[in-house]
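The values are calculated or read from the model by the stated rules, or taken from the named source; none is laboratory data. This is a predicted model, so every value here is computed, not measured. Every residue, glycine as well, gets a Cβ built from its backbone with ideal geometry; the counts of neighbours run over all protein chains shown. When the accessible area is computed, the model is the full protein with side chains, heavy atoms only, and any ligands, DNA or RNA have been set aside. Shrake-Rupley method; radii C 1.70, N 1.55, O 1.52, S 1.80 Å.
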Amino acid sequence: MPVPSFSRLLGRPLPRSSARDERLPNLQALPILSSDALSSVAYATEAALGILILGGSAALTLSLPITLAIIGLIAIVVLSYRQAIAAYPEGGGSYVVARDNLGRNVGLVAAAALLIDYTLTAAVSLMAGTQALSSLDPSLLAFEVPIALLLLVLVGWANLRGLREAGRVFALPTYAFVVMILLLTVAGLRDLTFHHGWSPDAPTFTAALQPIGLFLILRAFSSGCSAMTGIEAIANGVQVFHEPAPLNARKTLLVMGILLSAMFLAISTMGFMYGVVPNPDITVLAQIGQRVFGGGSVLYWILQISTLLILVLAANTAFSGFPRLAAMLAEDHCLPMQMKLLGDRLVYQNGIGVLVAITALIIVICRGDTTVAVNLYALGVFTAFTLSQLGLVRRWWKLRGEGWQGRMAMNALGSITTFVVLMVIVVSKFDEGAWTVVIAIPLLVWGLALIRRRYREVFSALAPDPDGSPLKLVPRDPPSGHHAIVWIASIMKPSLEAVRYACSFADSVTAVLVVQKGEDAGQLSQMWDRYVGSDTGELELVLLDSPFSSLLDPFCDFVMEQEQRHPERITTVVMPVAIPRDRLDVALLNQRAGNLFEALSTDQSRVFSIVRYFVPPRSTQGGATSSGSME
């Protein structure tokens, strides 16, 4: 089949055999999966100081103890996710851990929290990067929304081109930011050792608006925990890495945790030593950069530009995590099956498209301002942290392998700590917009459960009848000269009805099924023999393998090949079409038959026959679980 012109923007289709070639070495996977976590050091210290200053300038002395406590929590979470990767080498992170150990519904809570977190992370990162750009050039203030949307399209486009392409695009800015923080740290240590001295400067006096109490400290701690967003992305994206993927993912996660902790500690320490006070006109990181590099120096400008780039590219963590999580949910029949389909560039392009649309909506609603969104997106990640670690606690309790007591104790401590942070965030930021996420998570869980229940009903209703009458061709004398080629999406009632209809008028029938990734051709043949029969004469099943992700191209090629080999006979293409009953079914059904009809109607005249099969209406009770693909 010809390559569509729009594919030039995304690159030529990649064969499925090159999927392993699209996997990344650790040096390229790190910036793709860790840009969100590493970029958070640009604002995490400032977030904590912004709360502490409410207790007056004297409260800022608590910034270092809070930073050390957060680093301890980072260590616990990183070690927990390393254990999760070892236990679940195919990836999955919080959703898979919670689903397997705490139950499917609890797993949906973790999934809903992460889906919300990913969309908010993408929006906040792009808006923050745009605000950093407009602070360098105030004339761009009026164009923040269009600029953020343009950056969103560019990040989405880079991800649609494939993992390797995205790795090349995002590696340099991420490492540039890490190098600049390293240079800032080295220069700061040199200044503190040889010029400034190790006595901290007193911060500018600020009167206290609130007493320095436990709640204020917990609020500052929870705000500083914004440094932890994005840690789970590596556990979700294990399959991004070269083999051995689990080992490489664990190594990269450890490196990311060390880098994150070291950078966070360095910025907090320098902020404390130089007496930095939060200022709405200039960031804490910029104040440190001015003090260490000098406000007009080249290094200061490079620091600011690299910060701008890393904030924008932090959205890429969401573009890596959201589509993969959506594909896992689709595999579990909690999202439409289209979400698990790989695109021509071997990425989950439907998931990327949905994320672009939702993120664009958030940017427009927030008008490019991060004030509201930044108060929300930590809720999702800490909900996922808590459920993941609680799931691992139960796993160690059930398995009780070697060293299980220590592992369980570490995860128990982590789950308790992250739960406390979660509660503090909910209480302290409820009036600032956190209530929307508190409501959104249960609603999203309800929607995911509704989709799962509907798929159960439909699969149960469309499952073949094992006691049904066998399919047989009706002998014709003289032969009609008709041959039917039937598109088989899966061996279910709509496909079998299409085969039955083809047998009613054709001399010979070929049922064609394109084997999808993960399907067993032998098992499909056994199912065909069970429901159709093994001795069917001129009725045959042909299993095709697709070298690319498209399932339509092999079928179209097969039809054209048969027409060329047998020009003397009339070939009819028979396609089953599932007719949805309501709007939910419209979203859930894979209407590939329409795409197939369009693909086969472009080059020559053909005879088509559409066999409609009405999907049973929704009921209040779910049917038995089955699997398949609905057309």
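This table checks each residue for (1) farther than 15 Å from residue 593 by Cβ; (2) modelled with pLDDT under 80; (3) open to solvent by 30 Å² or more (accessible area, probe 1.4 Å); (4) part of a loop (DSSP other than H, G, I, E, B).
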{"residue": "466", "(1), (2), (3), (4)": "yes, yes, yes, yes"}
{"residue": "509", "(1), (2), (3), (4)": "yes, no, no, no"}
{"residue": "556", "(1), (2), (3), (4)": "no, no, no, no"}
{"residue": "574", "(1), (2), (3), (4)": "no, no, no, no"}
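Within the stretch 108-157, can you find the residues that are of a type in the set (Gly, Ala, Ser) and either under 14 Å from residue 357 (Cα atoms) or touching a residue at least 60 places away in the same chain (Cβ under 8 Å) (or both)?
Correct list: 110, 111, 112, 113, 122, 123, 125, 128, 129, 132, 148, 156.
Is it the case that residue 378 is surrounded by fewer than 19 Cβ atoms within 10 Å (Cβ to Cβ), small (Gly, Ala, Ser), under 26 Å from the mean Cα position of the chain (by Cα) and in a helix (DSSP H, G or I)?
no
Can you confirm whether residue 581 is loosely packed, with under 13 Cβ neighbours inside 10 Å and among the charged types (D, E, K, R)?
No; evaluated as a whole, the condition is false for this residue.
Quick one: which residue in 137, 117 is of a type in the set (D, E, K, R), modelled with pLDDT under 90 and buried (at least 21 other Cβ atoms within 10 Å of the Cβ)?
On inspection, the qualifying residue turns out to be 117.
Could you name every one of the helices (runs of 4 or more DSSP H) located completely within the stretch 37-143 that has at least 2 residues being under 22 Å from residue 174 (Cβ atoms) and under 16 Å from the mean Cα position of the chain (by Cα)?
104-136
Does any residue of the stretch 302-313 turn out to be open to solvent by 30 Å² or more (accessible area, probe 1.4 Å) and assigned to a loop (DSSP other than H, G, I, E, B)?
So far as the stretch 302-313 goes, no, none of its residues is open to solvent by 30 Å² or more (accessible area, probe 1.4 Å) and assigned to a loop (DSSP other than H, G, I, E, B).
Filtering the stretch 196-222 down to residues that are surrounded by fewer than 17 Cβ atoms within 10 Å (Cβ to Cβ) and outside any loop (DSSP other than H, G, I, E, B), which residue is nearest to the chain's Cα centre (by Cα)?
Residue satisfying both the conditions and the ranking: 215.
Pull up the stretch 263-290, narrow it to residues that are touching a residue at least 40 places away in the same chain (Cβ under 8 Å), assigned to a helix (DSSP H, G or I) and open to solvent by 20 Å² or more (accessible area, probe 1.4 Å), then point me to the one that is nearest to residue 59 (Cα to Cα).
Filtering the stretch 263-290 for residues that are touching a residue at least 40 places away in the same chain (Cβ under 8 Å), assigned to a helix (DSSP H, G or I) and open to solvent by 20 Å² or more (accessible area, probe 1.4 Å), the one nearest to residue 59 (Cα to Cα) comes out as 272.
Take the stretch 604-623 and flag every residue that is open to solvent by 80 Å² or more (accessible area, probe 1.4 Å) and at pLDDT 70 or above.
Result: 604, 605, 610, 612, 614, 617, 618.
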